[in-house]
Amino acid sequence: MSRILLVEDEKNQRELYAAELRDDGYEVEEASDGKMAVEKVKSSKYDLVVLDIRMPEMDGIEALGKILSRDKKIPIVIHTAYSNYKSNFMTWTADAYVTKSSNLDELKTKIAEILAARGQA
Amino acid sequence: MLIKKILLNLSLYIPDVALILFLTEEGIFVPEERSHFIVVLVYFLIKISLHNIVAFFCFIKPYSAVKDILLQFQRGRYSMADSAHVLKPSACFGDLFELLRSTGRYLDNLVGSQNDEIEKFRELYNNVILSANSYFVVLNARDEVIFANKSFSANFRYTDDGILGLRLEDIFYIIPGRFSDAIDNVKKRGQSAVLRKIKLISRRKISLIADIKISRVTVQGEKQYIVVMDDITSQWRKDYQISLISQISESLQRDEEVERILYAILTAVTSGSGLGFNRAMLFLYNEQKKILTGKMAVGPDSMEEAVQIWGSVQNEELNLLGGGPDAPPVLQTNGAFYKQVVTSNFAINGNTLFADVFNKRAPVHIYDAASDPRVDPETRKFMDVSEFVVVPLCSANKALGVVVADNKFNGAPIYEDHVELLSIFAVQASLSIDSYNSLTSVKERMEHIQAKQEAIVESEKMAAVGRIAAHIAHEIRNPLVTVGGYARRILQSVKKPQKTLEDIEKAASIILHESERLEKILSNVMDFSRPSPLIREYNNLNDVVKDTYYLLKNVLQERKITATLDLEQKLPLVKSDFNQLKQVVLNLLQNAMDATPAGGSIILKTGLTETHIYIRIKDSGTGISPEAMDKIFDPFFTSKITGVGLGLAVVKKIVNDHNGEIVISNNSEGGCQFSVELLRPS
């Protein structure tokens, strides 16, 4: 079972995504900001990180850098309400960029693809 | 009686005495003997006759000589040839004659020296007149010339005596109305007249422009008129050139066509007030065909036409290009000459004079086309005149063509200074053409840039709209996504009975909460675009600063930023909205914190100037880039990836509502300072 770290500051959303992903059979850990996410990555091992951009304390971009400096291979999916930063995600060296939607199909598909590619379905 | 007897005897021997006695004695003494008396009388007659004959032969020669001399004296000739009337000093009247001669010589010297003085004066006088470039003519009451100074007669090609007795009409082709009116006026009323810029052309083909003064004098009871002409032709020409050049450059600014300029140039070359050539033609280089092609020609078809034109332009002010787009320049002629020129071509690699001038870019002055080897048969035939000038039209970069000018009709000689003027003129004209061309290309480029600029502005606007849209989209998408997501879950739970009612309730309450949030976001956006009413109270700005500082004190500490308060204690109260000002300071302080790295410092200062009361927030952060400075107050502009981009826009709005201003500056030691300045209460 793949372990996913879900980083999202909005409680209602976080709970929604966590519930959906768990329904799909993933093991989901939650973090409410970038700082907490970095802490969690340090202390535990995850197969994938779903990362929001706009968060208090430490935003997603800063967290992304810190997580990658800790573990270069960990796949990261940027999951944000911003649709206009999509062109930047390659330079941020994330693995995917998904714009938030009430329909979680895109997010779920990307996660599945990335994990399948890593042989960890 | 004794005396009587003695005298009588004596008279017998000396008849003269007897004769005297006749006359001097009282009464008439009649000799006693009649025969004696007759003898005396005969003797006496013979003696008188002899005397007369002797006198005649002795005195006739000196008499006529003296008479002759006196007659010469009367005529003003005081010296005579020595050979004339030679009489020996010893001869009869010789002394007297010699005396006359010496008197003559004396008089001659006297008069001669006076004449020298007069001649010297006259020479000086003439020199003065010559150097003043003035012509003097004196007319009698019948308008005949009774005196003309040397420069007048020389200039108009008359001998000093040949001009005498002529009338002005005999000398000039046309006497302009202004001139003849002025002469009439002087005659009738004795009023002196001064005329400016009178254009004259003489019957001997000399043209000039002159300022003329006419005045009346009375000499020995006879009225005479002095006409003084100041030749201002060259001055006029210079003025004309300057005026023309300025008109040309004006026309460039008016975006006139180059053809128009060329036309003006040729007109300037030909008009009497310009360079005064009879004809001028322009050949321009055709790059594709490699030929000089006749582009334009200005000039009369005949002398009669030339004279007619002279008359018609007398009162025209120089205005080659004005008078509307269709107004022709003064000397427009579309006659045979024009047609001849515009249908002629000269190949530039051909062996023609024009091509030569074009290629060598040096003017050529042909004096005698018939014998000059530089003139090819084609050109000779084309020009059909012995003297002409060909001048290149060339700018610094390239040759544009040639200008050809001649005096075909009046055959007036072309002077070197005319050639020089024409060359200078051609250079100026070329520059005009060149600058016209570059102006055109600059204009095109300008238009291009302008179009680009407009596109940039447009895209900039679009970018701003995009930024606004992106921001609003982000703000709205978050709650919307949540609402949608939970709605899906409710739907699923309807399909999947294992979901509890509790789950549905939770989802519904989240949907409700997020909907409220959405409404709030929208009203926030609306608030920004709609003025909110200010609550005006008297507040101490120190309180505003302190309140805000305490709000963020913990965050500052956490980020290891040192914040210092530097508050002016004697701050007057300012009528303001406390909460809104707090918002201002809060936003500025937050920005300062975001820009300042750990270990940095922020100073919050209040104070007074003569006119303002201020709050300054100074940080030791990264400062503001020039690009950011321009749009720092734009709504939704942000340098932070998670920034909203409304902070400073709100600050600006609130400060404007308080009739204050914000001054931003980068500190020389790094970081920047925002100063909120409100008007000091009076």
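If you take the residues in the stretch A:10-28 that are under 15 Å from residue A:48 (Cβ atoms) and buried (at least 18 other Cβ atoms within 10 Å of the Cβ), which one is farthest from the other protein chains (Cβ to nearest Cβ)? The residue in question is A:26.
Which residues, taken from the stretch A:94-120, are assigned to a loop (DSSP other than H, G, I, E, B) and away from chain B (no Cβ under 11 Å)? Show your work before the answer.
In the first step, residues of the stretch A:94-120 are kept if they are assigned to a loop (DSSP other than H, G, I, E, B); the result is A:94-95, A:100-104, A:118-120.
Within the stretch A:94-120, A:94, A:95, A:118, A:119, A:120 meet the criteria.
The set of residues in the stretch A:59-93 being assigned to a helix (DSSP H, G or I), open to solvent by less than 60 Å² (accessible area, probe 1.4 Å) and within 14 Å of chain B (Cβ to nearest Cβ) consists of A:60, A:61, A:63, A:64, A:65, A:88. Is it the case that residue B:490 is more than 10 Å from chain A (Cβ to nearest Cβ) and touching a residue at least 40 places away in the same chain (Cβ under 8 Å)? So residue B:490 does not fit the description; no.
For the residues B:423, B:441, the requirement of being farther than 30 Å from residue A:80 by Cβ, surrounded by 12 or more Cβ atoms within 10 Å (Cβ to Cβ) and away from every other protein chain (no Cβ under 11 Å) singles out B:423. If the condition is being in contact (Cβ under 8 Å) with a residue 60 or more places away in the chain and in a loop (DSSP other than H, G, I, E, B), then the stretch B:178-205 contributes only B:205. Only residues that are in contact (Cβ under 8 Å) with a residue 24 or more places away in the chain and of a type outside the set (D, E, K, R) were counted in the stretch B:159-174, giving 5.
For the structure I just gave you, tell me whether residue A:39 is within 13 Å of chain B (Cβ to nearest Cβ), open to solvent by 30 Å² or more (accessible area, probe 1.4 Å), over 27 Å from residue B:490 (Cα atoms) and of a type in the set (Asp, Glu). No: the conditions fail for residue A:39.
Of all residues in the stretch B:176-217, which are among the β-branched types (Val, Ile, Thr) and surrounded by 17 or more Cβ atoms within 10 Å (Cβ to Cβ)? The answer is B:183, B:186, B:198, B:201, B:209, B:212, B:214. All told, residue B:483 meets the bar of being at the interface with chain A (Cβ under 10 Å from one of its Cβ atoms), closer than 26 Å to residue A:107 by Cβ and of a type in the set (A, V, I, L, M). For residue A:54, the conditions (1) open to solvent by less than 40 Å² (accessible area, probe 1.4 Å); (2) touching a residue at least 40 places away in the same chain (Cβ under 8 Å); (3) within 11 Å of chain B (Cβ to nearest Cβ) all hold with the exception of (1). Residues that are within 8 Å of chain A (Cβ to nearest Cβ) and either open to solvent by less than 20 Å² (accessible area, probe 1.4 Å) or outside any helix (DSSP H, G or I) (or both) within the stretch B:471-480 comprise B:474, B:478, listed in sequence order. Within the stretch B:644-657, one or more residues are of a type in the set (Asp, Glu), surrounded by 13 or more Cβ atoms within 10 Å (Cβ to Cβ) and at pLDDT 80 or above.
Looking across the stretch B:600-634, the residues that are modelled with pLDDT of 85 or more and open to solvent by 60 Å² or more (accessible area, probe 1.4 Å) come down to B:603, B:605, B:610, B:611, B:618.
Anything in the stretch B:125-144 that is at positive phi and at pLDDT 85 or above? List them, or say none. Correct list: B:143 only. Scanning the stretch B:494-502 turns up no residue that is within 11 Å of another protein chain (Cβ to nearest Cβ), open to solvent by 70 Å² or more (accessible area, probe 1.4 Å) and in a helix (DSSP H, G or I). It is to be established whether one or more residues within the stretch B:585-599 are more than 23 Å from residue A:59 (Cα to Cα), surrounded by fewer than 18 Cβ atoms within 10 Å (Cβ to Cβ) and without any contact (Cβ under 8 Å) to a residue 60 or more places away in the chain. No.
Checked against the criterion of being modelled with pLDDT of 75 or more, under 60 Å from the mean Cα position of the chain (by Cα) and among the β-branched types (Val, Ile, Thr), the stretch B:59-74 has no qualifying residue. Residue B:631 meets each of the listed conditions (1) within 24 Å of residue B:649 (Cα to Cα); (2) in contact with a helix residue (DSSP H, G or I) (Cβ under 9 Å, 6 or more places away or on another chain); (3) in contact (Cβ under 8 Å) with a residue 12 or more places away in the chain apart from (3). Kindly indicate whether residue A:2 is over 27 Å from residue B:493 (Cβ atoms), among the hydroxyl-bearing types (Ser, Thr, Tyr) and either in contact with a helix residue (DSSP H, G or I) (Cβ under 9 Å, 6 or more places away or on another chain) or more than 10 Å from chain B (Cβ to nearest Cβ) (or both). Here the answer is no, as residue A:2 does not meet what is asked.
For the stretch B:532-565, how many residues are open to solvent by 20 Å² or more (accessible area, probe 1.4 Å) and polar (S, T, N, Q)?
6
Are any residues in the stretch B:453-479 modelled with pLDDT of 75 or more and polar (S, T, N, Q), and if so, which ones? Of everything in the stretch B:453-479, those that are modelled with pLDDT of 75 or more and polar (S, T, N, Q) turn out to be B:453, B:478.
The values are calculated or read from the model by the stated rules, or taken from the named source; none is laboratory data. A quick note: this is a predicted structure, and the numbers were derived from the prediction, not measured. Positions of Cβ are generated from backbone atoms using ideal geometry, with glycine treated the same way; all protein chains shown enter the neighbour counts. Surface accessibility is based on the protein's heavy atoms, side chains included, excluding ligands, DNA and RNA. Shrake-Rupley method; radii C 1.70, N 1.55, O 1.52, S 1.80 Å.
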